[in-house]
Amino acid sequence: MPGTFEPLPGGGAAVALDDVEISIIRSLAVQLLELIGPGPAEDAPDDPLAELFAEGPSEPPSDPVLKRLFPDAYSDPEGTPQAEEAEEQRAYSSEFRRYTENDLRAGKRENALAVVRSLDALRSAGDGGAVLKLSAGESRQWLGALNDLRLAIGSRLDITDEEDTDLLYRLPDEDPRKPMVMAYLWLGGLQETLVNTLMP
């Protein structure tokens, strides 16, 4: 089981992690939290209805990683649209972002926090590596966080398609991107095995 998720009876998943692996995943999850940003302010009114209708940003983020995590909802997958279509797509995307990005950020924040909390609980329960056991709900949160971490790292590595990923395998050891590449590939393996545990 080292380095791969396996299904647990009754749902959920388990994976054996050593101290270094725990430290790497936790550090990446904390960095993701910093990138996504804080949640609602502590002095914000505790009104679920007001929070439901709170408006978010209407413009896409400038950071390329955040653009990847929070892409425009409307775009032309076939190529460059005509000027009028492009303007219409921008307007639709802006409106959609205004009413959805806060929720998306909150969901991604909760997923990353779930990773940090479960790793902290694992650390405090044992010495050295340990077996992390997740419920079905926690497994889905981990899956979301692993996906976000890979998107963030992939964005920093300028990975846009499968060919880019193939090139990563051939990077020389002295390439400064190598540690980030190794983390990207390792998280991909974890993500794939976690997906398999959630398949019926």
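Overall form of segment 126-200: prolate. Here a/c, set by the Cα gyration tensor axes a ≥ b ≥ c, is 1.5 or more, and a/b is the larger of a/b and b/c.
Using a cut-off of 13 Å between beta-carbons, work out the net charge of the residues near residue 167 (Lys and Arg +1, Asp and Glu -1, residue 167 not included). Could you put the intermediate results ahead of the total?
Details: positive: 170, 177, 178; negative: 158, 161, 162, 163, 164, 166, 175.
Net charge around residue 167: -4.
Backbone phi angles across segment 130-135, fed through the Karplus curve with coefficients 6.51, -1.76 and 1.60 (θ = phi - 60°), yield HN-Hα couplings of 7, 9, 7, 10, 10, 6 Hz in residue order; Gly and Pro are listed as x. Counting only lysines at least 8 places from residue 67 when in the same chain, those with an alpha carbon closer than 20 Å to its own are 108. Peptides 164-172, 143-151, 179-187, ordered by how many other C-beta atoms sit within 10 Å of their residues on average, highest first, read 143-151, 179-187, 164-172. Applying 0.36 nm per residue to the separation of residue 120 and residue 104 and subtracting their alpha-carbon distance, the gain on full extension is 3.3 nm. Stretching the chain fully between residue 133 and residue 8 yields a gain of 44.2 nm (0.36 nm per residue, less the alpha carbon separation).
Note on residue 31 and residue 72: their simple-model spin labels are 2.8 nm apart, each label 7 Å out from Cα toward Cβ.
Here, each number is a calculation from the coordinates, and none is a lab measurement. In this text the structure is predicted, and so the values were computed from the model without any measurement. Counting neighbours? That spans all protein chains shown, and the Cβs are built from the backbone with ideal geometry, glycine included.
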